[in-house]
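The values are calculated or read from the model by the stated rules, or taken from the named source; none is laboratory data. Because the structure is a prediction, the values reported are computed rather than measured. Cβ atoms come from the backbone with ideal geometry, glycine included; neighbour counts cover every protein chain shown. Quick note on the areas: whole protein, heavy atoms, side chains included, nothing else; ligands and nucleic acids left out. Shrake-Rupley method; radii C 1.70, N 1.55, O 1.52, S 1.80 Å.
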Amino acid sequence: MISRKVNNVKEALEGIQDGMTVMLGGFGLCGIPENSIAELVRKNVTNLTCISNNAGVDDFGLGLLLQKRQIKKMISSYVGENAEFERQMLSGELEVELTPQGTLAEKCRAAQAGIPAFFTPAGYGTEVAEGKEVREFNGKMHVLEHAYKADFSIVKAWKGDEAGNLIFKGTARNFNAPMAGAAKITIAEVEELVPAGTLNPNEIHIPGIMVNRIFQGEKFEKRIEQRTVRQK
């Protein structure tokens, strides 16, 4: 059994350099690789192109990288709750490629599966389709979208084993699942790392063949983006 375990986040992120394209799993603040993002801030890598559903909030998640101007371009489906993201986008400081959410997910999944491109009806007739090939299928117009090409993919899982097999918990499965194996190197950050053979094969969401490096994170805040409680 090939072990993909590395000792810590510093070792896991080895090789990430200025100007690279990095995928980061999560949705809002749910299932984001907190330890890895903190290490990217510490490493002070710059001119990054980040592919993520959104950019966290001002003081957490990818918002920390935006604060230090480490991100050159964001490829996302929405601005979300991040005021600094919005400010940098409107001022022209940050290049932003807004993509329909389903298209973003499929561009990740296509890269994961080795599919170079696909046609989708999403975005036809809008700015999203400008400059792209368009074809008609079954009487409906479709836009050609290319799979993402990323240097690193960083995902977060609830549990994993030393062979790289991953189990996600609840809605934290989100973009983490299609991003695993969708880049040249996939890094998995997990809450609990167990010996190979410990996990029930029927419960594994992502097989270890999709993962190159896996480590156990030291701290997870798991902040709630918008806390809603019932009135008494």
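Taking a ≥ b ≥ c as the square roots of the eigenvalues of the Cα gyration tensor, segment 157-232 is classed as prolate, since a/c reaches at least 1.5 and a/b is larger than b/c.
Solvent-accessible area per residue in segment 80-232 equals 57 Å², computed with a 1.4 angstrom probe and all protein chains kept. Remark: spin-label model distance A83-K149 equals 3.9 nm, labels positioned 7 Å along the Cα→Cβ axis. For the chain, the longest principal axis of the C-alpha atoms and the axis of helix 101-113 are separated by about 60°.
The amide H of K156, built 1.01 Å from its N in the peptide plane, has G25, E189 as neighbours under 5 Å, considering only residues 5 or more places off or on other chains.
For segment 181-232, the Cβ-based charge dipole about the Cα centre amounts to some 340 debye (Lys, Arg positive; Asp, Glu negative; other atoms uncharged).
The C-alpha radius of gyration of the chain, expressed as a fraction of 2.2 N^0.38 Å, stands at 1.03. Residues of segment 76-94 with the amide nitrogen closer than 19 Å to a label point 7 Å from the Cα of N47, along Cα-to-Cβ, please. Residues 93-94 qualify, since their backbone N sits under 19 Å from the label point.
Report the extension gain between R227 and K169 in nm, rounded to one decimal, defined as 0.36 nm multiplied by the number of residues separating them, less their alpha carbon distance.
On the way: separation 58, 0.36 × 58 = 20.88 nm, distance 1.94 nm.
Difference between extended and current length: 18.9 nm.
For segment 62-185, the fraction of 1.4 Å probe accessible surface lying on carbon and sulfur atoms is 50 percent.
For the residue pairs K43/K159; K107/K132; K68/K159; K5/K219, the C-alpha atoms sit more than 23 angstrom apart in K43/K159; K68/K159. Taken along its principal axes, the alpha carbon cloud of segment 30-164 reaches lengths of 51, 45, 23 Å, longest axis first.
Overall shape of segment 89-138 was characterised from the C-alpha gyration tensor. The equivalent ellipsoid obtained from it has semi-axes of 22, 16, 9 Å, in decreasing order.
The long axis of helix 34-43 is offset from the longest Cα principal axis of the chain by roughly 80 degrees. Within a straight-line Cα-Cα reach of under 12 Å, K156 can be paired with the following aspartates and glutamates, leaving aside sequence neighbours fewer than 8 residues apart in one chain: E34, E189, E191, E192. Computed from point charges on the beta carbon alone (+1 for Lys and Arg, -1 for Asp and Glu), the dipole magnitude for the chain about its Cα centre is near 360 Debye. Quick one: go through segment 169-188 and flag any residue whose amide nitrogen is under 19 Å from the point 7 Å out along the Cα-to-Cβ line of N200. The answer is 169-173, whose backbone nitrogens lie closer than 19 Å to the label point.
Each residue of segment 146-152 is assigned a 3J(HN,Hα), and the resulting list reads 9, 5, 5, 10, 10, 7, 9 Hz, derived from the Karplus form 6.51 cos²θ - 1.76 cosθ + 1.60 (θ = phi - 60°), x at Gly and Pro. Each residue of segment 180-189 is assigned a 3J(HN,Hα), and the resulting list reads 5, x, 9, 10, 4, 10, 10, 10, 10, 9 Hz, derived from the Karplus form 6.51 cos²θ - 1.76 cosθ + 1.60 (θ = phi - 60°), x at Gly and Pro.
Semi-axes of the equivalent ellipsoid of segment 41-115 are 22, 14, 11 Å, computed as sqrt(5λ) over the eigenvalues of the C-alpha gyration tensor in descending order. Near V57, the amide H atoms lying under 5 Å from its own belong to L62, G63; only residues 5 or more places off or on other chains count, and H is placed 1.01 Å from N. Scoring 96-102, 165-171 by mean Cβ neighbours within 10 Å over their residues and listing the highest first yields 165-171, 96-102. Taken one residue at a time, the phi angles of segment 208-222 give Karplus couplings (6.51, -1.76, 1.60, θ = phi - 60°) of x, 4, 7, 10, 9, 9, 9, 8, 8, x, 8, 8, 10, 7, 6 Hz. Gly and Pro are set to x.
With the cut-off at 1.5 for a/c, could you classify segment 1-49 from its C-alpha gyration tensor as rounded, prolate or oblate? Verdict is oblate for segment 1-49.
So between Y124 and E218, what do we pick up on full extension, going 0.36 nm a residue minus the alpha carbon distance?
Working: separation 94, 0.36 × 94 = 33.84 nm, distance 4.43 nm.
The Y124-E218 span can extend by a further 29.4 nm.
Ordering 79-92, 46-59 by mean Cβ neighbour count within 10 Å, with the highest value first, yields 46-59, 79-92.
Considering only protein heavy atoms, with the full assembly of protein chains and a 1.4 angstrom probe, order E191, E221 by accessible area, largest first.
Numbers: E191 55, E221 90 Å².
Descending order: E221, E191.
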